[in-house]
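The values are calculated or read from the model by the stated rules, or taken from the named source; none is laboratory data. The model shown is predicted, which means the values in this text are computed figures rather than measured ones. Cβ placement follows ideal geometry from the backbone for every residue including glycine, while neighbour counts extend to all protein chains displayed. All accessible areas refer to the heavy atoms of the entire protein, side chains included, with ligands and DNA or RNA removed. Shrake-Rupley method; radii C 1.70, N 1.55, O 1.52, S 1.80 Å.
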Amino acid sequence: MNVEELNTERKKQKISIEELAKRAKLPKGTVEKVLFGIVKNPRIDTMQAIEHALGLDQQEIITSSAFPALTLEEREILALYSNLDHMGKKLVRQTLVTLNSSESVHIQKNKNS
């Protein structure tokens with residue numbers, strides 16, 4: 001998402017720059033420099049923090065045409081996953097690996113029967 005779109009969304013949601021900075025956990029000066037175009041190539045993590053603070057990262061995953069083969073349920077799962085902290089994501093990955101490997105064992109047993 002570009003800076004103009006971020007500004008449009010911020011104004012649409014009626015969020016001040018100060019509030020946006022607080023939600024994004026960024027210094028107010030950083031958010032101002034990005035949104036006013038002073039920083040020409042902002043860091044990706046800064047842009048992602050601002051998008052997240054505006055709730056755009058979740059919407060983008062759910063409606064994105066980048067993954068047309070995904071069902072709405074799969075997109076919702078990705079959106080929920082994206083909001084987890086590092087430990088939450090680690091737990092989800094471990095759970096999925098465990099579920100997939102036990103499913104593989106189950107399928108192998110059925111094939112050999």
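Inspect all residues belonging to region 57-70 and state whether any of them is at pLDDT 85 or above and open to solvent by less than 70 Å² (accessible area, probe 1.4 Å).
Among the residues of region 57-70, not one is at pLDDT 85 or above and open to solvent by less than 70 Å² (accessible area, probe 1.4 Å), which makes the answer no.
Select from region 9-42 the residues that are closer than 10 Å to Leu54 by Cβ and either outside any helix (DSSP H, G or I) or without any contact (Cβ under 8 Å) to a residue 24 or more places away in the chain (or both) and write down the one among them that is least open to solvent (accessible area, probe 1.4 Å).
Ile15
Do you know which residues across region 14-31 are touching a helix residue (DSSP H, G or I) at 6+ places or on another chain (Cβ under 6 Å) and over 16 Å from Ile44 (Cα atoms)?
Ile17, Glu18, Leu20, Arg23, Lys28
Can you confirm whether Lys11 is at pLDDT 90 or above and in contact with a helix residue (DSSP H, G or I) (Cβ under 6 Å, 6 or more places away or on another chain)?
No, not satisfied.
Exactly one condition in (1) among the polar types (S, T, N, Q); (2) modelled with pLDDT of 85 or more; (3) surrounded by fewer than 16 Cβ atoms within 10 Å (Cβ to Cβ); (4) closer than 17 Å to Asn83 by Cα is false for Thr46; which is it?
Thr46 satisfies every listed condition except (3).
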